[in-house]
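Contents: one structure, followed by commentary.
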Amino acid sequence: MRASDEKIFEEIKADHEYVVELRRHFHKYPEVGKEEFLTAEKIESELDKLGIEHKRVAETGVYAQIKGRGEGKTIVLRADIDALPIQETHLCSYTSTIPNRMHACGHDAHTAALLGACRILSKHRDDFSGTVRITFQSGEEIAYGGKVFVKSGLLDGADRSFGIHAASNLKAGNIALVAGSNNASVDYFKIKVNGHSAHVSTPQLGVDAVYIASQIVISAQAITSRLSSPMDNIIVGIGTIKAGDTYNIVAQKAELEGTIRALTPQVRERTKVLLCDIACKTASMFGGTAEVEYKDYASPLINDKDATAEAQKTAIRIFGAENVITEREPSLGGDDFAEYILKVPGVYAYFGTANPQKKETTLAHHDSSFDIEEDSLIQAVSLYTFYTLDFLNNSF
């Protein structure tokens, strides 16, 4: 670590209590996607204290920027701010006070860490050139806010995008920065099956939508097991089936809902075509018809190679090579920071939040007792801060 790094790192550590208090505030008052009004107000209040101008994006997102000493490059920083519709079961001094609302994925930590980085970067405006664009993004859990920020034009012309995410499967102090696929695409699908009703005693006079739907459920799994390479890492998951009117009538309609997850755009599109083909042909084979509707929730999150290499150099310098993970299995969970990277080359970093001595910090994300090791917030603030300074100052 350079002498200038040590000075800033000491400032980050001195601000740790401030960041922890912010994180606990957000944890106590969680709000789900499109409803983060109080969260946005708190973010704006903290930005006001720092003299950082800001504006709302689509009611509950917040955009701000910090300009350096002169013209230069532009980097976009992102934190997601929404919680989940979960009743918290972990009792502590900052347990959620809102029924059926909980920060069970670490977004409270992301928000606090980015505000902590804003506090440091605003003090050091004269130490970098260019512009830091700051985005507190709403609705990540419902794959909403990423596209909203991109469509707003607030990422236009930027040179880099950077985001972070808590990781309960990494020990606190560890950082994962992996080039290429990190998270899967998320597509929702609905399959509507149309048959023809009849009395169950004369099934030959009807077209059984329940039977067709059942065959589609089974056949769809051939996409992953027989029609695709085992190396493709695909999920075709069907979560709901709704069908029929009553017990003694051949069902005339059925509806299936599910999701497709894939790590590359090519596999994603191929899987969607295969599912549609299977659904329609299966229905036709038994005398019915099927329609498939898709909703594109999130693209695959694929870290840019150059941006990842840059961030790895920063992390190794600040935290040591022994704490930086550069190879890690991708997740079939999605994250709409993928939309940022598609617009502006960027990298998504994962910071470890697990402390083996605190069981709740080792639980899976979205668990009702999920928590983090708060010392990891030092790494989170540092990642935002040092990568930003390094990129804008061409320090790699």
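What follows draws every value from the coordinates through simple rules; no lab data is involved. Only a predicted model underlies this, so the values are computations on that prediction, with no experimental measurement involved. Don't worry about glycine lacking a Cβ; one is built from the backbone with ideal geometry, like all the others, and counts go over all protein chains shown.
Can you tell me which aspartates and glutamates have their Cα less than 19 Å from the Cα of K171? Leave out same-chain residues fewer than eight positions away. Within the straight-line limit of under 19 Å, K171 reaches these aspartates and glutamates: D108, E322, E327, E329, E360, D367, D371, E373, E374, D375.
Peptides 41-49, 380-388, ordered by how many other C-beta atoms sit within 10 Å of their residues on average, highest first, read 380-388, 41-49.
Shown in residue order for the stretch 262-269 are the 3J(HN,Hα) couplings computed by the Karplus curve 6.51 cos²θ - 1.76 cosθ + 1.60 at θ = phi - 60°: 8, 9, 9, x, 5, 5, 4, 5 Hz (x for Gly and Pro).
Between the DSSP loop rule and a limit of at most 15 other Cβ atoms within 10 Å, which GluC sites (Glu not before Pro) in the stretch 307-396 are left?
E327
Computed from backbone phi with θ = phi - 60° and the Karplus coefficients 6.51, -1.76 and 1.60, the 3J(HN,Hα) list for the stretch 228-237 is 9, 5, x, 7, 7, 6, 10, 10, 10, x Hz; x is used for glycine and proline.
Please state the shape class of the stretch 163-228: rounded when a/c is under 1.5, otherwise prolate if a/b exceeds b/c and oblate if not, all from the C-alpha gyration tensor.
Judged from the Cα gyration tensor, the stretch 163-228 comes out prolate (a/c at least 1.5, a/b above b/c).
The modelled label-to-label distance for the pair D277/E6, using points 7 Å beyond Cα in the direction of Cβ, is 6.3 nm.
Any idea what % of Cα-Cα pairs in the stretch 1-147 are farther than 27 Å? So the pairs more than 27 Å apart make up 24 percent of the total in the stretch 1-147.
Three semi-axes describe the equivalent ellipsoid of the stretch 122-252; taken as square roots of 5 times the Cα gyration tensor eigenvalues and ordered largest first, they are 50, 19, 13 Å. Between N194 and A364, the C-beta separation translates, for a Förster distance of 22 Å, into a calculated FRET efficiency of about 0.05. Can you list which of the trypsin sites (Lys or Arg not before Pro) found in the stretch 204-278 are DSSP loop residues with at most 15 other C-beta atoms within 10 Å? Passing sites in the stretch 204-278 are R226.
Note the count of lysine pairs whose C-alpha atoms are less than 22 angstrom apart in the stretch 260-396, limited to pairs 8 or more residues apart or on different chains.
Going through the stretch 260-396 pair by pair, I get 6.
How high is the relative contact order of the chain? Use alpha-carbon pairs under 8 Å, at least six apart in sequence, and give a whole percent. 23 percent.
With an a/c value of 1.5 or above and a/b not larger than b/c for the gyration tensor axes a ≥ b ≥ c computed over the alpha-carbon atoms, the stretch 1-87 is described as oblate.
Computed on the stretch 73-206, with alpha-carbon pairs under 8 angstrom and 6+ residues apart, the relative contact order is 32 percent. Computing Cα Rg over 2.2 N^0.38 Å for the structure here picks out one of (1) 1.00; (2) 1.11; (3) 1.21, namely (2).
A crude spin-label estimate for the pair E59 and T95, with each label 7 Å from Cα along the Cβ direction, gives 3.1 nm. For the stretch 166-325, the equivalent ellipsoid derived from the alpha-carbon gyration tensor has semi-axes of 45, 15, 11 Å in decreasing order.
Along the Cα-to-C-beta direction of K73, a point sits 7 Å from the Cα; which residues of the stretch 332-365 have their amide N less than 15 Å from that point? From the stretch 332-365, the list is 344-348.
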